[in-house]
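The values are calculated or read from the model by the stated rules, or taken from the named source; none is laboratory data. Bear in mind that the values here come from a model prediction, so they are computed numbers and not experimental data. Glycine also receives a Cβ, built like all others from the backbone with ideal geometry; neighbour counts cover every protein chain displayed. What goes into the accessible areas is simple: the full protein's heavy atoms, side chains included, and nothing from ligands, DNA or RNA. Shrake-Rupley method; radii C 1.70, N 1.55, O 1.52, S 1.80 Å.
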Amino acid sequence: AQSVSQHNHHVILSEAASLELGCNYSYGGTVNLFWYVQYPGQHLQLLLKYFSGDPLVKGIKGFEAEFIKSKFSFNLRKPSVQWSDTAEYFCAVISLEYGKLTFGQGTILTVHP
Amino acid sequence: DAGVTQSPTHLIKTRGQQVTLRCSPKSGHDTVSWYQQALGQGPQFIFQYYEEEERQRGNFPDRFSGHQFPNYSSELNVNALLLGDSALYLCASSKTEGNEQFFGPGTRLTVL
């Protein structure tokens, strides 16, 4: 069975600080990887995805993530956060074998202006 | 182009009752997945429907059942409701398994 672990439950930053949210998964086969974001009062939206190719993927709003296969990791980064990035972030993995999208427990990001 | 829609938005039931939640997928999508998101947790996969059949199922009891209609819309049914079934129920649609899933706004179910 696959599982996803997000390193931090709640991260608090000031505007312009750099962000890195950790995500590790447990599954040895071929996977597709996602980061979703849930802004307050809104539904889950896709931030970025990795299917294959360049392991450094860029998403919306200046976010990027790096897939490191040897570490089973897919960490999310942003060089300079904004107050509007305050949201909950979910890492998710789907293995092509199981076909089930598995989410991490989520990381709440609070950005102070 | 409408995204994924779900109804109702909120629902309050009592223990032992039954509930039906509805989902219409994004235009062009044929696969519907359902998730349960408890407070403070990530979404948990319930099951997935494709071609009107359940293709995958997560670790949920048989009280949770579903259906997909020829127009790809879907229903989630929960029987014999428990207090622990209180959660946000999310529907997601996609074109094929493994591809990007688009999520609806969810139905907030409260069981008293």
_Given the options B:11, B:90, B:79, identify the residue whose Cα lies farthest towards the positive end of the charge dipole of chain B (+1 on Cβ of Lys, Arg; -1 on Cβ of Asp, Glu)._
B:11
*Provide the descending list of Cα extents for the stretch A:3-112 along its principal axes, expressed in whole angstroms.*
41, 27, 21
*Gain in length, residue B:7 to residue B:20, computed as 0.36 nm per residue apart minus the alpha-carbon separation, to one decimal in nm?*
3.7 nm
_Rel. contact order, % - alpha carbon contacts under 8 angstrom, at least six apart, the stretch B:1-48_ = 31
*Give me the percent of the accessible area of chain A that comes from carbon and sulfur atoms, probe 1.4 Å, all protein chains in place.*
54
*In nm, spacing of pseudo-spin labels at residue A:12 and residue B:51 (7 Å Cα→C-beta vector)*: 5.3
_At 1.4 Å probe radius, can you tell me the per residue accessible area of chain B in Å²?_
47
_Tell me the total accessible area that A and B bury against each other, 1.4 angstrom probe, in square angstrom rounded to 100._
1500
*Net dipole in debye of chain B [+1 Lys, Arg Cβ; -1 Asp, Glu Cβ; about Cα centre; nearest 20]*: 480
*Taking the dipole about the Cα centre of the stretch A:3-112, with the C-beta of Lys and Arg at +1 and of Asp and Glu at -1, give me whichever of A:11, A:44, A:99 is farthest to the positive side.*
A:99
*At what distance in angstrom do the alpha carbon centres of the stretch B:1-24 and the stretch A:1-80 lie from each other?*
29
*If you place +1 on the Cβ of every Lys and Arg and -1 on the Cβ of every Asp and Glu, how big does the dipole about the Cα centre of the stretch A:8-113 come out, in debye to the nearest 20?*
160
_Kirkwood-based Rg to Rh ratio, the protein assembly as shown, C-alpha trace_ = 0.97
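So, with +1 on the Cβ of K and R and -1 on the Cβ of D and E, and no other charges, what is the size of the charge dipole of the protein assembly as shown about its Cα centre, to the nearest 20 debye?
With only Lys, Arg, Asp and Glu charged at Cβ, the dipole is about 340 debye.
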*Against the globular-protein guess of 2.2 N^0.38 Å, express the Cα radius of gyration of the stretch B:5-111 as a ratio, rounded to two decimals.*
0.98
